[in-house]
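The structure appears below as structure tokens.
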Amino acid sequence: MLRDITLGQYIPGDTVIHRLDPRCKIILTILYIAIIFCVTSPVWYVIPLAYLLVASRLSGLSAKRLLKSVKPLRFLLILTFLLNLFFSTGTTVWVQWGFLTAVHFSMRLVFLVAGTSLLTLTTSPVALSDGLEKLLSPLNIIHCPAHELAMMMTIALRFIPTLIEEADKIMKAQMARGADFESGNLLKRAKAMIPLLVPLFVSAFRRAGDLAMAMEARCYHGGEGRTRLRVLRYTQSDLWALLATVGTLLATIFAGMWLK
């Protein structure tokens with residue numbers, strides 16, 4: 001299951017999506033989230049589905065790769081479906097248990113995870129950090145440390161695959177010594193994960209200390225006076241991508257208002 005987690009992973013490439021400005025991709029992701037929340041009926045998920053398939057095609061990533069990011073959340077999806085099924089009220093007899101509501105919220109979660117994972121899969125941590133810093137730079141007016149915030153978020157995102165790999169190694173080492181992480185009910189499997197957390201936290205703190213020492217050794221003092229090898233510039237592709245996303249958002253709003 002750990003290998004199915006794609007959050008924080010980056011797949012290098014030279015596609016249209018990879019070449020987009022990271023600031024534009026962050027804005028597109030925010031607009032995509034708005035599209036998901038503007039869907040008022042499960043039927044109209046065909047609009048974000050078409051958008052996601054086109055983006056997946058342009059990025060060189062298969063739809064299977066995006067759906068793989070949803071797999072670790074299968075228990076959360078089942079729980080979301082059941083909660084909405086039994087604790088929501090329907091408007092007709094056959095959906096009295098809130099079946100459509102359960103499907104609606106479950107699909108929303110699937111589209112959110114699959115779509116947002118496209119951002120990290122096609123954007124390097126360095127580019128993502130630069131894009132976040134540029135977007136947060138207006139906060140410098142109120143003395144908000146935009147560079148430090150962007151750096152912290154990017155480092156946290158970048159360390160997710162590293163911690164997953166470390167957890168996988170620890171799990172295999174303990175399984176070789178007789179530990180069982182796969183049999184039993186959900187509660188028993190959760191208790192079996194407790195011995196995994198202690199060495200994982202120790203490893204995480206050790207890596208954080210090593211990173212802090214490395215940054216200090218390189219005289220890192222924040223973003224003041226810092227220059228960049230690659231200057232971010234918007235291109236015509238960014239404009240077309242933004243227009244297409246805004247058009248998709250307007251189409252979703254129109255479908256929810258007039259085509260119920």
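The values are calculated or read from the model by the stated rules, or taken from the named source; none is laboratory data. If you're wondering where the values come from, they're calculated on a predicted model, not measured in any experiment. Glycine also receives a Cβ, built like all others from the backbone with ideal geometry; neighbour counts cover every protein chain displayed. SASA here: full protein model, heavy atoms, side chains in, ligands and nucleic acids out. Shrake-Rupley method; radii C 1.70, N 1.55, O 1.52, S 1.80 Å.
Is it the case that Pro199 is more than 24 Å from the chain's Cα centre (by Cα), assigned to a helix (DSSP H, G or I), modelled with pLDDT of 80 or more and surrounded by 13 or more Cβ atoms within 10 Å (Cβ to Cβ)?
Working: more than 24 Å from the chain's Cα centre (by Cα): yes; assigned to a helix (DSSP H, G or I): yes; modelled with pLDDT of 80 or more: yes; surrounded by 13 or more Cβ atoms within 10 Å (Cβ to Cβ): yes.
Here the answer is yes, as Pro199 does meet what is asked.
Condition check: open to solvent by 80 Å² or more (accessible area, probe 1.4 Å) and modelled with pLDDT of 80 or more. Does Val246 satisfy that?
Working: open to solvent by 80 Å² or more (accessible area, probe 1.4 Å): no; modelled with pLDDT of 80 or more: yes.
Criteria not met by Val246.
Just for helices (runs of 4 or more DSSP H) wholly inside region 19-93: which have at least 1 residues that are modelled with pLDDT of 90 or more?
Details: elements: 22-38, 46-59, 63-68, 74-87.
Qualifying helices (runs of 4 or more DSSP H): 22-38, 46-59.
Within region 182-193, residues that are over 16 Å from Met171 (Cα atoms) and part of a helix (DSSP H, G or I) have Cβ atoms under 8 Å from residues that are of a type outside the set (Val, Ile, Thr) and at pLDDT 70 or above in these pairs: Leu186/Phe75, counting only partners at least 6 apart in sequence or on another chain. As a summary of the residue check, Gly98 satisfies the conditions (1) open to solvent by less than 20 Å² (accessible area, probe 1.4 Å); (2) at pLDDT 90 or above; (3) over 16 Å from the mean Cα position of the chain (by Cα); (4) not hydrophobic (A, V, I, L, M, F, W, C) except for the one numbered (2). Of the residues making up region 134-158, those that are within 19 Å of Tyr220 (Cα to Cα), within 14 Å of the chain's Cα centre (by Cα) and buried (at least 17 other Cβ atoms within 10 Å of the Cβ) are Thr154, Arg158.
Applying a threshold of 7 Å to beta carbon distances and a minimum spacing of six or more residues, or different chains, the list of pairs starting in region 52-71 at a residue that is in contact (Cβ under 8 Å) with a residue 12 or more places away in the chain and ending at one that is surrounded by fewer than 16 Cβ atoms within 10 Å (Cβ to Cβ) and in a helix (DSSP H, G or I) reads Ser56/Ala63; Lys68/Asp4; Lys71/Asp4. Asp210 fulfils the conditions (1) under 30 Å from Ile47 (Cβ atoms); (2) open to solvent by 50 Å² or more (accessible area, probe 1.4 Å); (3) at pLDDT 80 or above except for a single criterion, (1).
Return a yes/no flag: does region 115-122 have any residue that is open to solvent by less than 30 Å² (accessible area, probe 1.4 Å), farther than 23 Å from Val16 by Cβ and in contact (Cβ under 8 Å) with a residue 12 or more places away in the chain. No, region 115-122 contains no residue that is open to solvent by less than 30 Å² (accessible area, probe 1.4 Å), farther than 23 Å from Val16 by Cβ and in contact (Cβ under 8 Å) with a residue 12 or more places away in the chain.
Looking across region 34-50, the residues that are open to solvent by 70 Å² or more (accessible area, probe 1.4 Å) and over 9 Å from His104 (Cβ atoms) come down to Phe37, Val43, Val46, Leu49.
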